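Notes for the one structure printed next.
Every number here is computed from the coordinates shown, using simple stated rules; none is lab data. In this text, all values refer to a predicted model and were calculated from it rather than measured experimentally. Note that each Cβ is placed from the backbone with ideal geometry, even for glycine, and that neighbours are counted across all protein chains shown.
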Amino acid sequence: MAAVLSPVPEVPFPLYGLGPAFSGRRTVDVWNRLGDGVAGPFWYVALAHEDDIGRTVTVITDGKLQAASRRRDPQVDVATNALLGLAPTAARAELPPLRLDDVSRLAAEVGAPDWQADELPVDGEERLLWAYRSGEYVAGWVDLGAVLVGFHGLHADQLIAAHHLVPVNNRVHSYALPRAR
């Protein structure tokens, strides 16, 4: 179960977000822990970014932690979280719906024709990216060794190309907490 994060905790793995040149809105989106959801180790943290012209990207850092309560491979989990982020935005944009069974199938079939291999600038280095596109909305993920980083959003690839993904643990306290919905 994902929960709103308050206050921002310390996590035992590097968190990724857009670089310091990004001047738009930064928000802690959600986090999740393994186990009972309160005391277990962190599973992932999602940080949302929005610029002044409406482009968005939510960056999901998955710590690759294994536990009995984690039913799937972390790669499938991060792909699922990235794809699930597209479902509500695609509906608002009147794109073809991304159903839950589509998400499950796509997440398990990375490398299939629905995914595009590309390069992504992460902390100054080009990394292999797997991206799924639906109109102007993009979901994707990259394996950085210690962590998996997923993302989704409107023109998310443009924001990442312009501002790069970098570790933000030392700046995560400057991210706003989410507004009540």
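Where does each of 18-29, 54-65 land if you order them by average Cβ count within 10 Å, highest first?
Result, highest mean first: 54-65, 18-29.
Quick check on packing: order 44-52, 127-135 by the mean number of other C-beta atoms within 10 Å, highest mean leading.
For the peptides 44-52, 127-135, the packing ranking is 44-52, 127-135.
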